[in-house]
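Novice: One structure, as structure tokens, below. Some questions next.
The values are calculated or read from the model by the stated rules, or taken from the named source; none is laboratory data. This one's a predicted model, so the numbers in the text were calculated from it and none came from an experiment. No Cβ is skipped: glycine too gets one built from the backbone with ideal geometry, and neighbour counts run over all protein chains shown.
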Amino acid sequence: MGEPASSVIDDIACDVIRFDPAPNEAADAIVTSTGTVMHIAREDQLPRLIERTRTQKTQNGETEFRRVLRLRSVRKGDAAESRPFVIDPPEGFRVRSDKPARKVLQPRKETAKPGSELISKGDAAPEWSLTDSNGVKVNLSDLKGQVVVLDFWATWCGPCKVAMPHVQKLHEDYADKGVKVFGVNCWERGDAKAYMSQSKYTYGLLLDGDKVAEAYRVTGIPTFYVIDQDGKVAFAATGMAREAEMRSTIDTLLGK
């Protein structure tokens, strides 16, 4: 465990603690843990941000993947009563006494649809005003009449890097057709502008997008949005590369 550092998460001062992985991981493992970082609020000693990092070996070397869990509305509960701990199964679960403890509760079969937490298709896209890589303010309201593509990303995010060539292709194919493509940089600790330049990506870069990511209900990256000419959400998804789905949505909005 490393020495505590400091950070500020949602205006709350935190201590940053790093937990290094166990040293006995196999050297030839395809996926290995490279550490966990926790941001612990000084005011109540509760976590506000947890980062877990993994390294995956590929044919081209190693790619780092980082999962970020951001915690909000965190509060301490009442002290636990001094009594035996008993679990009351929630509705839809049943107790099977003839099964091992880890299989006692049987979950309901219904599961949430992937991406269902994002803003729904047809809803108004939240307004935003961000600065691009040239220091120019860009406002969503000024882009009315055009199709807007947003890619929420960060330089440390492996899946984001995999998706970026597809985002660049959309930019190149639709640049003169009334479509604006932007990478909204969020949760960043590196140099987004330098990475875009080194990688020769020429679509728009919007910086300091943490608050916009929150407004757009982004909980994982990359997350993609396509906003129609009237400022409404036409497509929203989280995942690796969504070029085909976004291209289909854009073509429909352009009347193709």
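Novice: If you check LYS200, LYS180, which single one turns out to be free of Cβ contacts under 8 Å to residues at least 40 places away in the same chain, part of a strand (DSSP E or B) and of a type in the set (Lys, Arg)?
Specialist: LYS180
Novice: A further question on this structure: So, in segment 211-232, of the ones that are part of a helix (DSSP H, G or I) and crowded, with 16+ Cβ neighbours inside 10 Å, which residue ends up farthest from the chain's Cα centre (by Cα)?
Specialist: VAL212
Novice: Filter segment 1-41 for residues that are of a type in the set (D, E, K, R) and modelled with pLDDT under 65; which is surrounded by the most Cβ atoms within 10 Å (Cβ to Cβ)?
Specialist: GLU25
Novice: So which residues in segment 130-154 are more than 15 Å from ASN185 (Cβ to Cβ) and polar (S, T, N, Q)?
Specialist: ASN139, SER141, GLN146
Novice: Return the total of residues in segment 233-253 being exposed (fewer than 15 other Cβ atoms within 10 Å of the Cβ), touching a residue at least 60 places away in the same chain (Cβ under 8 Å) and closer than 17 Å to GLY145 by Cβ.
Specialist: Residues that pass the stated criteria total 0.
Novice: With the condition kept exactly as written, say whether any residue in segment 234-245 is under 12 Å from the mean Cα position of the chain (by Cα), closer than 19 Å to LYS121 by Cα and part of a loop (DSSP other than H, G, I, E, B).
Specialist: yes
Novice: Out of all the residues in segment 134-151, is one or more at pLDDT below 95, part of a helix (DSSP H, G or I) and farther than 22 Å from GLU64 by Cα?
Specialist: No.
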